[in-house]
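K.L.:
So that we are looking at the same thing, I have put the structure below in structure tokens.
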Amino acid sequence: MRNLKMTITYDGFKYKGWQKQKDTDLTIQGKIEAVLSKMTGEAIQLVGCGRTDSGVHAENYIANFHTKCAFSINTMLDYLYEYLPEDIVVKTIENVAERFHARYNVKSKTYVYKINNNKSRDVFNRKYTYHLAEKLNLIEMRNASEVLIGSHDFQSFTNSRNSDKSMVRTINFINIIEKDGLLTIEVNGDGFLLNMVRIIVGTLIEVGKGNLRPSDVEKILNEKKRWEAGPLAQAKGLFLRDVQY
């Protein structure tokens with residue numbers, strides 16, 4: 001039995017997220033599992049590094065699966081490239097140790113959120129960036145982001161209603177980079193709650209607009225009430241960039 005690790009890139013625009021669902025075949029996991037199962041003649045079950053929301057993209061998503069299939073790596077890659085939809089590409093496959101688990105072994109993930117902060121929308125990138133013509137105060141946004149660094153209870157920054165699980169997560173860094181009016185917000189942490197990155201971005205946007213102050217973000221964090229934080233940023237601007245093991 002082989003344990004194979006995959007690096008996947010996908011355009012999530014038309015999909016209902018990573019995780020396979022019973023009521024739709026428009027999921028990334030479902031599409032890849034179907035092709036793998038046909039290729040190997042086995043009922044393949046993928047283990048993903050985590051969930052991504054409906055409409056969210058990935059540059060380097062990690063998954064693994066077990067198989068008895070003896071095909072070479074190149075044969076598998078060629079098969080997947082031919083039969084997967086054009087908006088899903090398996091970039092690499094590698095043999096890994098039996099104990100490797102794409103989700104449980106994660107040390108940190110990096111998400112990026114892209115905002116077009118120019119006056120006009122970008123015709124060609126409109127599906128992959130959130131357009132906001134109102135100029136944002138990047139200094140205040142960076143000051144507010146520093147409040148979120150470290151280990152905190154992020155209950156204010158999730159739409160999860162599962163009160164039985166810990167809401168404590170560690171944010172290692174948040175970088176806000178601007179070039180020619182395109183903002184890239186990088187968020188790295190040891191794990192993320194449901195909608196957490198998009199709510200963090202939505203809150204930072206409110207700071208950038210002047211509707212919140214950096215000191216308000218600290219209060220929001222301590223209050224542990226979702227309605228105190230900013231709105232959920234649009235899914236189309238979010239990408240899973242890297243997963244660290």
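The values are calculated or read from the model by the stated rules, or taken from the named source; none is laboratory data. Every value quoted in this text rests on a predicted model; they were computed, and no experiment measured them. Reconstructed Cβ throughout: ideal geometry from the backbone, glycine too, with neighbour counts over all protein chains shown. These accessible areas exclude ligands, DNA and RNA; they are computed on the full protein's heavy atoms, side chains included. Shrake-Rupley method; radii C 1.70, N 1.55, O 1.52, S 1.80 Å.
K.L.:
Residues R142, R126: which one is of a type in the set (D, E, K, R) and at pLDDT 95 or above?
P.N.:
R142
K.L.:
Also: Within segment 155-189, how many residues turn out to be polar (S, T, N, Q) and under 21 Å from P231 (Cβ atoms)?
P.N.:
Here the count works out to 6.
K.L.:
Does segment 192-234 hold any residues that are within 18 Å of the chain's Cα centre (by Cα) and in a helix (DSSP H, G or I), and which are they?
P.N.:
Result: M196, V197, R198, I199, I200, V201, G202, T203, L204.
K.L.:
Of the residues in segment 181-191, how many are surrounded by fewer than 21 Cβ atoms within 10 Å (Cβ to Cβ) and either touching a His at 6+ places or on another chain (Cβ under 8 Å) or part of a strand (DSSP E or B) (or both)?
P.N.:
Here the count works out to 4.
K.L.:
For segment 39-78, which residues satisfy the criterion of being hydrophobic (A, V, I, L, M, F, W, C) and within 15 Å of K20 (Cα to Cα)?
P.N.:
Within segment 39-78, A43, I44, L46, V47, C49, V56, A63, F65 qualify.
K.L.:
For segment 223-238, what are the residues that are closer than 14 Å to H152 by Cβ and either touching a Phe, Trp or Tyr at 6+ places or on another chain (Cβ under 7 Å) or modelled with pLDDT of 95 or more (or both)?
P.N.:
A229
K.L.:
Which residues, taken from segment 3-41, are more than 19 Å from H101 (Cα to Cα), assigned to a loop (DSSP other than H, G, I, E, B) and open to solvent by 30 Å² or more (accessible area, probe 1.4 Å)?
P.N.:
Across segment 3-41, the qualifying residues are D11, F13, K14, K16, K22, D23, D25, L26, G41.
K.L.:
Which of the residues belonging to segment 87-140 are surrounded by fewer than 15 Cβ atoms within 10 Å (Cβ to Cβ) and either in contact with an Asp or Glu (Cβ under 7 Å, 6 or more places away or on another chain) or basic (K, R) (or both)?
P.N.:
Hits for segment 87-140 are K91, R99, K107, K119, R121, R126, K127, K135.
K.L.:
On to the next question. Among (1) out of contact with any Asp or Glu (no Cβ under 6 Å at 6 or more places or on another chain); (2) under 21 Å from Y245 (Cα atoms), which single condition is T9 missing?
P.N.:
(1)
K.L.:
Could you say which residue among I185, I220 is at pLDDT 95 or above and closer than 24 Å to G50 by Cα?
P.N.:
After ruling out the rest, the residue left standing is I185.
K.L.:
D164 - would you say it is of a type outside the set (A, V, I, L, M), open to solvent by less than 70 Å² (accessible area, probe 1.4 Å) and either assigned to a loop (DSSP other than H, G, I, E, B) or modelled with pLDDT under 95 (or both)?
P.N.:
no
K.L.:
Next question, about the same structure. If I filter segment 28-46 for residues that are at pLDDT 95 or above, touching a His at 6+ places or on another chain (Cβ under 7 Å) and of a type in the set (D, E), do I get at least one hit?
P.N.:
Scanning segment 28-46 turns up no residue that is at pLDDT 95 or above, touching a His at 6+ places or on another chain (Cβ under 7 Å) and of a type in the set (D, E).
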